[in-house]
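Report on one structure; see the data block that follows.
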Amino acid sequence: MKFAMASPSWNAGFAVMAVVEAEGFYEQEGLKVTTNLFPSATQAAQQVAAGGADLGLMTVEPVAIGHDKDLNLAYFSSYWPKWIYSLEVPAGSAVKSIADLKGKKIGVTAVASSGATFARTAMKLNGMGENDASLVPIGAGAQQINAIKSGQVDALALWDIQYQAVKNAGITLTPLPVNETADAWGGGFAATRKNLDAKKDVHERFGRAVAKAFVFAQANPEAAIRDLWKLHPETRGSDPEEKALADGIKVLQVRLAGQGFDDKTLGRIDDAAFTRSIDFMASAGLVKKFPAKEVYTDVMFKAFNDFSYDDIRQKAKDAAR
């Protein structure tokens with residue numbers, strides 16, 4: 001299988017996707033998977049739609065927007081159970097609401113990023129023009145941290161693990177509530193409807209391999225981060241090992257939250273949450289309102305969870321020895 005992952009680089013937020021490979025879970029499910037990174041969810045979606053990849057991991061926007069363009073993509077498993085984008089300001093900021101952003105500078109990874117689209121949409125829904133605040137590209141990593149510390153931006157429009165990385169650098173942030181995305185769904189694994197129908201068993205095995213990796217990572221997050229470092233050494237960074245591990249685990253914990261470990265529903269897509277995502281995009285004119293079920297199927301998650309959680313947890317514990 002060719003797998004398109006929407007991320008410009010590997011990081012601790014995708015440690016689970018390193019675990020699934022490093023711990024042999026693809027092989028357990030009889031799969032050979034090649035992972036390719038794409039800078040944006042839109043590009044990952046285009047790859048899958050055009051047949052350049054069999055499936056992809058992407059946030060909710062490109063599949064929803066592609067609904068009217070006949071991309072014919074559908075999600076079959078969740079990865080981000082909650083909306084991942086938000087607006088936040090440095091602690092002590094005079095900006096207390098979205099309306100206060102008028103005339104301010106909002107830091108985004110890139111002007112064409114999904115975070116930037118989210119910022120424009122949030123402003124529009126709160127009675128502002130999309131040009132009432134400036135969007136300033138601040139990249140990621142050290143460049144991002146420097147931009148915040150030096151006061152180049154007044155607010156941020158990033159996603160959850162990036163905020164955790166900012167917090168790891170000692171910066172305290174305060175969220176600006178965006179009520180329209182409260183309890184909305186974030187995105188997951190998608191394929192063409194044709195492939196989902198023709199290769200249901202293959203996608204179930206892929207989802208089960210990923211579910212095993214989630215259980216492993218929850219049971220031993222340190223081993224998960226070390227798997228990431230093993231496969232992608234550039235993610236190790238230059239910090240002392242103890243700090244690098246601690247920071248990586250904090251980012252990974254953000255991704256593990258709310259996944260459905262307790263009731264064994266890993267990968268389940270919540271219709272009400274997905275509907276809120278579509279409502280948010282429709283209210284901003286990004287999509288026409290349509291039933292969420294038209295771009296997802298939720299018939300596979302029971303198969304994803306059809307394995308022994310205890311066996312995987314024991315494997316994770318053994319990895320610590």
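The values are calculated or read from the model by the stated rules, or taken from the named source; none is laboratory data. These numbers come from a predicted model, not from an experiment. Here the Cβ positions follow ideal geometry from the backbone for every residue, glycine too, while neighbour counts run over all protein chains shown. Protein only, heavy atoms only, side chains kept; ligands, DNA and RNA dropped before computing areas. Shrake-Rupley method; radii C 1.70, N 1.55, O 1.52, S 1.80 Å.
A compact table of results
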item	result
Those strands (runs of 3 or more DSSP E) lying entirely in the range 84-187 with at least 1 residues in contact with a Phe, Trp or Tyr (Cβ under 8 Å, 6 or more places away or on another chain)	85-90, 155-159, 173-176
Any hit, the range 159-167, residues being small (Gly, Ala, Ser), out of contact with any Asp or Glu (no Cβ under 8 Å at 6 or more places or on another chain) and open to solvent by 20 Å² or more (accessible area, probe 1.4 Å)	no
Residues that are open to solvent by less than 60 Å² (accessible area, probe 1.4 Å), touching a residue at least 12 places away in the same chain (Cβ under 8 Å) and more than 21 Å from the chain's Cα centre (by Cα), drawn from the range 143-154	ALA147, ILE148, VAL153, ASP154
Scope the range 275-321; condition polar (S, T, N, Q) and open to solvent by less than 80 Å² (accessible area, probe 1.4 Å); matching residues	THR275, SER277, SER283, THR297, ASN305, SER308
Among the candidates LYS194, LYS243, LYS230, LYS212, residue that is closer than 22 Å to ASN11 by Cβ, open to solvent by 20 Å² or more (accessible area, probe 1.4 Å), in contact (Cβ under 8 Å) with a residue 12 or more places away in the chain and in a helix (DSSP H, G or I)	LYS230
Candidates GLU29, GLU21 - the one that is in contact (Cβ under 8 Å) with a residue 12 or more places away in the chain, open to solvent by less than 30 Å² (accessible area, probe 1.4 Å) and of a type in the set (Asp, Glu)	GLU29
Qualifying positions in the range 294-312 - of a type in the set (S, T, N, Q) and more than 21 Å from the chain's Cα centre (by Cα)	SER308
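Per-residue answers, yes or no, for (1) under 17 Å from THR297 (Cα atoms); (2) over 19 Å from the mean Cα position of the chain (by Cα); (3) modelled with pLDDT of 90 or more:
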{"site": "GLY127", "(1), (2), (3)": "no, yes, no"}
{"site": "GLU130", "(1), (2), (3)": "no, yes, no"}
{"site": "LEU176", "(1), (2), (3)": "no, yes, yes"}
{"site": "GLU180", "(1), (2), (3)": "no, no, no"}
{"site": "TRP185", "(1), (2), (3)": "yes, no, yes"}
{"site": "LYS200", "(1), (2), (3)": "yes, yes, yes"}
{"site": "ALA217", "(1), (2), (3)": "no, no, yes"}
{"site": "PRO221", "(1), (2), (3)": "no, no, yes"}
